[in-house]
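The values are calculated or read from the model by the stated rules, or taken from the named source; none is laboratory data. Quick caveat, the model's predicted, so the values are computed rather than measured. As a convention, Cβ positions derive from the backbone with ideal geometry for all residues, glycine included, and neighbour counts pool all protein chains shown. Just the protein is used for accessible areas: all its heavy atoms, side chains included, with ligands, DNA and RNA removed. Shrake-Rupley method; radii C 1.70, N 1.55, O 1.52, S 1.80 Å.
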Amino acid sequence: MKNKKYTIITYGCQMNEHDSEKISWILENMGYEWTENKEESDFIIYNTCIVRQNAEFKVYGQLGALKALKRRKPNLILAVCGCMMQHEKARKVILTKYRHVDIIFGTGNIHKLPQLINRYYQTNKTVVDIVEDNREIVEDIEANRKYTFKAYVNIMYGCNNFCTYCIVPYTRGRERSREPEYIINEIKGLAKEGYKEITLLGQNVNSYGKTLGYDYSFADLLKDVNKIEGIKRIRFMTSHPKDLSDELIEAMAKLDKVCEHLHLPVQSGSNNILKKMNRKYTREDYLRLIEKIRKRIPNIAISTDIIVGFPGETEEDFNETLDLVKKVRYDAAFTFLYSIREGTIAAKMENQIPDEVKHERFQRLLDTLYPIFYEQNIKFENKIVEVLVEEVSKNNEEVLTGRTSHGKLVHFKANKDLIGNMVNVKIDKVKSFTLEGYII
Ligand code: SAH
Ligand code: SF4
Ligand code: F3S
């Protein structure tokens, strides 16, 4: 009998991408083979995200479009998992309006997938399995990683911060740290397989270690990962400004493998809005922190997340955000329109901002940011940078792309045999989002 084929469609953040790599490992152990093509799949999984409304709506649209395929191929199994499924209301929508979905599971029980598939075969009824409180850490799932040279490694799960706009604490449960021993062993294994770059994942990596019950911090973890032979680069995300310690700044400055890049979401430049967001720092705290980091690590690249149109955001508040981004001079930023998430505190706040105002401010924010990104990139003109070669450019087969330690995307012409290697590139052209150059 030919092997059954599967496909996974992933939305959301690196956490979800990595969860999909774990799901892929589980399915391949069951004998399934990967395909890009939904039409030829026997098993389709949507790994969903609910952080903003557009992520959620995309999934409904896609599932609707699969009704016809499911009718044509009654043996096709359709599964939905991920953060949307941890949200009762979204789960109900799937159960009532998308009845052709066969298996529903959440973020805390990926390891049970083989059992769920069996249960579906035995009963031929929709299988729903959700762990509501998500307190456990399951250690024995490996991952079928997308790349052979860079890897995500979970260091902690969940979040305790409850920023008032954010649904993640409700979908990923309470913060819990993995034992350092497991993390180190996983990375040692990756190094042996030839992996060069590791990205340590957590919603708030700076509070790593708090649930371990003994004294071991994120800085300690970085020191231990830095010792692993074969690993060339260490990245991590995300850092919450309120928890970024001097000890961590010192570790970043001293450890040679830790990349010169920090993603430090600010969300807003207005104290009034930061307070309503429950971010627990002021714009002054944030600016002081940036100054301190740059003093210790002068060339560090800094990126951020910004939300536009949080409830009650006045023109004055928004101008404070524009002023802050001009002061910080970010290297990159993810910008979002505030999206109401049912179940969060901000969803019930008064003075929700009309869409037109959000869009207009959003555009002004981009108009302010892009020249700053360009200016930050100009520093690399005519410089030689070390690049980890990642893939062939989507737009031009002769061009490869990769990243510098600063996280800058570099385009250069070269043979694709170089993918997975570190090369030196001389930069001869600079744009707001990319650097271009040639191998030397
Ligand atoms: N734990 C990470 C990121 C979580 S979600 C952190 O704290 O930085 C990634 C980003 O999505 C957030 O930083 C925030 O900018 C954005 N986001 C979260 N909820 C949102 C919402 N309701 N509307 C718009 N953007 C949101
Ligand atoms: Fe969401 Fe805030 Fe937690 Fe990040 S720190 S996941 S934004 S609640
Ligand atoms: Fe990530 Fe979206 Fe869940 S951002 S944690 S996949 S809600």
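Side notes on the structure shown:
- For segment 31-53, a residue qualifies if it is part of a loop (DSSP other than H, G, I, E, B) and away from ligand 3 (no atom under 12 Å from the Cβ), and the qualifying residues are GLY31, TYR32, THR35, GLU36, ASN37, LYS38, GLU39, GLU40, SER41, ASP42.
- Taken residue by residue, segment 202-222 has no member that is crowded, with 20+ Cβ neighbours inside 10 Å and within 23 Å of VAL389 (Cα to Cα).
- Residue in segment 118-141 that is over 26 Å from TYR60 (Cα atoms), assigned to a helix (DSSP H, G or I) and open to solvent by 10 Å² or more (accessible area, probe 1.4 Å) present: yes
- Tally of residues being in a strand (DSSP E or B) and either under 22 Å from ILE198 (Cα atoms) or open to solvent by 40 Å² or more (accessible area, probe 1.4 Å) (or both) across segment 377-427: 22
- None of GLU56, GLU17, GLU28 is open to solvent by less than 50 Å² (accessible area, probe 1.4 Å) and assigned to a helix (DSSP H, G or I) except GLU56.
- Subset tally (residues that are away from ligand 3 (no atom under 16 Å from the Cβ) and more than 17 Å from ASN206 (Cβ to Cβ)) for segment 157-194: 14
- The residue that is most open to solvent (accessible area, probe 1.4 Å), counting only those in segment 142-179 that are part of a loop (DSSP other than H, G, I, E, B) and hydroxyl-bearing (Ser, Thr, Tyr), is THR148.
- Each residue in segment 337-376 was checked for being within 16 Å of ligand 3 (Cβ to nearest atom) and among the hydroxyl-bearing types (Ser, Thr, Tyr), and 3 of them qualify.
- Some residue of segment 290-308 being within 16 Å of ligand 2 (Cβ to nearest atom) and touching a Pro at 6+ places or on another chain (Cβ under 7 Å): yes
- Residue selection: LYS358 satisfies the criterion of being closer than 29 Å to ALA55 by Cα, out of contact with any helix residue (DSSP H, G or I) (no Cβ under 7 Å at 6 or more places or on another chain) and in contact (Cβ under 8 Å) with a residue 24 or more places away in the chain.
- Scan of segment 180-206 for residues that are assigned to a loop (DSSP other than H, G, I, E, B) and either assigned by TED's automatic domain parsing to the domain that holds MET85 or within 15 Å of ligand 1 (Cβ to nearest atom) (or both), ordered by number: GLY202, GLN203, ASN204
- Being touching a helix residue (DSSP H, G or I) at 6+ places or on another chain (Cβ under 7 Å) and open to solvent by less than 30 Å² (accessible area, probe 1.4 Å) is true of ILE50.
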